Amino acid sequence: MVASQETLDKLEDIGLNMYERKIYSALLGRGVSTAGELSEMTNVPRSRAYDVLESLAEKGFAVIKSSQPMEYVSIPPEQAIENIKKQHKQELQEKIDRLDSFKESEAVDELESLYDQGLELVDPADMSGSLKGSRQIQQHQGTMFQDADENIRILTSEEGLKDLQENHQEALEEANEQGVSVQILAPVSEENYQHYQELQNVAETRNIEEDEEVHAPDGPLSIIDDDSVTMSMTHQDVHSTQDSAFWTESDHLASNTMAPVFKTLWNKSEEPEQPEGIDQPSP
C-alpha cells in the first residue's frame, strides 16, 4: 500500500524524490520487505529500487538487513524526521565552519585589498542600485547594520518592526555594543508591542503616530552613518519575491534630505503606551 498523493507531496517537501516517496511509504506499510517486492508494489523499476533503498538508508528512513535476499526495514516517520534533521544540522554546521575558517584566512585579506583598490576607482554616483526579493533586501540591510560606524536610523511600518526584531536584532545588538547609536521609529500597537520591548534592549525605539501628514512606509527606510540610504519601494500586499528596494551611497541624500526628515519625525515621536495584559520585561 502506498500513501495518498497529498502525503507523498508532503514527503517531497522534506527532500524525498518521487521514487523515494513511493518506496518509503510502501515499506512503512510492510515493515520489512525486499527491493523486488517494493518494486512491484510501487511500479518503480527494479533496477532503480536498490539505489532508492540505499539512498533512503543513508538519509535515515530505512535500515538494510544482512540477509539473502537482502531485506529492508522501515524507520518510524518521527524518528526518520529526526534523523534527517540531524543530518541537515551537521551539514549546515560544517558549511558554517568552512566559512568561518575562510573568513579568517589570508585569502579574505587579499580580496578585501582588491575591493578597496576597486572602490577608489568608483564614482560615488555609481554606488547605488536596486534590490529585489525580501531575502536579498534583508541580507543587504544586515550588511549595512554590521558596517555602521556611528549611527543607524530606521523608519518602518508596524510589520516592519516585527521583521527588524525577528531578523536583525542580533546585528543591531552588535552595533549597539560597538558604540553605534541605533534609533528606530515605527507605529507601535498591541500586535507588535512585544517586538518593541525586545528592541528596546538594543535601540532607542519610539512610536510614531500616523495621520494625514505622517505615514510610515510599508517597508524600512534605513539611514546609515548619514552617508547611505536603503529605501523600500514595495507595497505590503505583494509576494516576498517581488519585494524591491533602492540603495545608494549618497552623502547628500542621506545627510541633507533623509536625516533631517528622520530627526523631525523623531522629535514628534513618543514612548508608546503599554497595552493591558502585557508585562514589562525583566530588568
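List of remarks:
- Among the candidates Ser105, Ser66, residue that is among the hydroxyl-bearing types (Ser, Thr, Tyr), without any contact (Cβ under 8 Å) to a residue 40 or more places away in the chain and outside the structural domain of Gly29 (by TED's automatic domain parsing): Ser105
- Filter result for Leu185 (in contact with a Lys or Arg (Cβ under 7 Å, 6 or more places away or on another chain) and either hydrophobic (A, V, I, L, M, F, W, C) or modelled with pLDDT of 90 or more (or both)): yes
A quick yes/no check of all residues on (1) under 19 Å from Ser222 (Cα atoms); (2) modelled with pLDDT under 85; (3) not polar (S, T, N, Q):
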{"site": "Gln236", "(1), (2), (3)": "yes, yes, no"}
{"site": "His239", "(1), (2), (3)": "no, yes, yes"}
{"site": "Ser244", "(1), (2), (3)": "yes, yes, no"}
{"site": "Asn256", "(1), (2), (3)": "yes, no, no"}
{"site": "Pro260", "(1), (2), (3)": "yes, no, yes"}
{"site": "Lys263", "(1), (2), (3)": "yes, no, yes"}
{"site": "Ser269", "(1), (2), (3)": "yes, no, no"}
{"site": "Glu273", "(1), (2), (3)": "no, yes, yes"}
{"site": "Glu276", "(1), (2), (3)": "no, yes, yes"}
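- Across segment 126-157, the number of residues qualifying as in contact with a strand residue (DSSP E or B) (Cβ under 8 Å, 6 or more places away or on another chain) and charged (D, E, K, R) comes to 4.
- Annotation note: Cβ proximity below 6 Å between a residue of segment 37-62 that is at positive phi and a residue that is buried (at least 17 other Cβ atoms within 10 Å of the Cβ) (sequence gap 6+ or interchain) occurs for Gly60/Ala80.
- When Tyr115 is tested against the conditions (1) among the aromatic types (Phe, Trp, Tyr); (2) touching a residue at least 12 places away in the same chain (Cβ under 8 Å); (3) surrounded by fewer than 21 Cβ atoms within 10 Å (Cβ to Cβ), the lone failure is (2).
The values are calculated or read from the model by the stated rules, or taken from the named source; none is laboratory data. Keep in mind that what you see is a predicted model, and the values were worked out from it rather than measured. Here Cβ is always computed from backbone atoms with ideal geometry, including for glycine, and neighbour counts include all displayed protein chains.
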